[in-house]
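Each remark here refers to the structure printed beneath this line.
Just so it is clear, none of the values below were taken in a lab; they were calculated from the coordinates. In this text, all values refer to a predicted model and were calculated from it rather than measured experimentally. Here the Cβ is made from the backbone with ideal geometry for all residues, glycine too, and neighbour counts use every protein chain on show.
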């Protein structure tokens, strides 16, 4: 395995983008960073600027306003950048299927690398999602 | 000539400082994790971060000053490398450097912060400008007491401005830390060091929760890696500077080298504990703190040193 890919999988820096969520997924994401689950032991950090990020974490139902921002954020991120959709709303439209202001699930706007379904998903589910993402990167 | 290149690039210069800096930054993260009752990252975490950042894309924001934006991180890295080389050459052989190297080191230690300011202003981002202006105020506030307490070892060692002679004086007459003036100066130095490394409670320029990453906000890929590396090298170089000035340096004979390393690690753990037990202050509070009580303490230390206590 090449060293560039290996170091990327060992240090995923996450930028959290919340587009009109009900905040349940966001709270569960913060849960995954607390001492009990401690994602820093896998090198996962929450960063404040999209320029530092390797993973764009998207939660919530993407509205028409949010879709523009999501597109711009994806363009601003230095490549390689992975997109992870967290929660049922971001993975599919969920209960907002027929809503007038839903601009579609995340994969209708930017390419998504991993889906973590659940309403909200548990921190364990998120860690499993990360493991699957790393596995898909390294091809194991 | 070849020897000089070796000094700057391999031992005590760039490579050595970079590796120790990355490791000491890991100690910082690990101790922080233990304080917060977590497990913390493995020892190679910072190396992985560094290599990952080298492999990423560098984005130069539209409308920014391209050359300045890309060159600013290099300035800081070069300055830290030179400081480390000077300090370690002094430690290995106190007679090897030139007269006035204390002043050169003091100037060069400011350059990484100035590089951050230049980079922040060049990146054409309002949050970066805000962070850079805060960094500037922070430099103005801590440099005054920091320069004042550098007089204490100079006065005690008999008016010399050469690091080697200060070191020889401490080897012969006991460390400066053991005198009252030296002790007071050391306390001031630890506080100033915290601000110089822009760690909590003085991480006002890059306050993550309010202005994201401050001056670093637009940096990505290798340029960000160089900035991070500079900061991690500073985490090694600045405490080493204090070890040389106040704690008698490191002696390289047998068991004494372990004692020398212990001095550095204790200083590092003090930094980490201060960082983990304090909230961030506002920039006006920081300026008031450094120009008020800290400067007063520094003046008292200098006066005591003049009286020979």
The range B:157-309: Cα Rg divided by the 2.2 N^0.38 Å rule of thumb = 1.18
Counting only other chains, what is the mean number of Cβ atoms within 10 angstrom of the Cβ of each residue in peptide B:55-67?
-> 3
Treat each spin label as a single point 7 Å out from the Cα along the C-beta direction, and report the residue A:2 to residue B:93 distance in nm.
-> 4.5
With label points set 7 Å from each Cα along the Cα-to-Cβ direction at residue A:127 and residue B:6, the distance between them in nm comes to 4.9
222 nm mean residue ellipticity, helices alone, for chain B (DSSP H n ≥ 4; -39,500 (n - 2.57); rounded to 500) = -23500 deg cm²/dmol
Helix B:222-246 sits off the longest principal axis of the Cα atoms of chain B, rounded to the nearest 10 on a 0 to 90 degree scale, by 10
Mean separation of Cα contacts under 8 Å, 6 or more apart, over the residue count of chain A: relative contact order % = 26
For the range B:2-307, what relative contact order do you get, as a whole percent, if you take Cα pairs closer than 8 Å and at least 6 residues apart?
-> 28
R0 = 22 Å: FRET efficiency of residue B:277 with residue A:34, Cβ-based, nearest 0.05?
-> 0.70
Pop a pseudo-label 7 angstrom from the Cα along the beta-carbon direction at both residue B:15 and residue B:257 and give the gap in nm to one decimal.
-> 1.7
Take peptide A:41-49, look around each residue's Cβ out to 10 angstrom, count Cβ atoms belonging to other protein chains, and average those counts.
-> 6
Across peptide B:207-218, how many C-beta atoms of other chains are within 10 Å of each residue C-beta, on average?
-> 3
Take each of the peptides A:65-71, A:76-82, average the number of other beta-carbon atoms within 10 Å over its residues, and list them starting from the highest.
-> A:76-82, A:65-71
Highest to lowest packing among B:296-302, B:125-131, scored as the average C-beta count within 10 Å | B:125-131, B:296-302
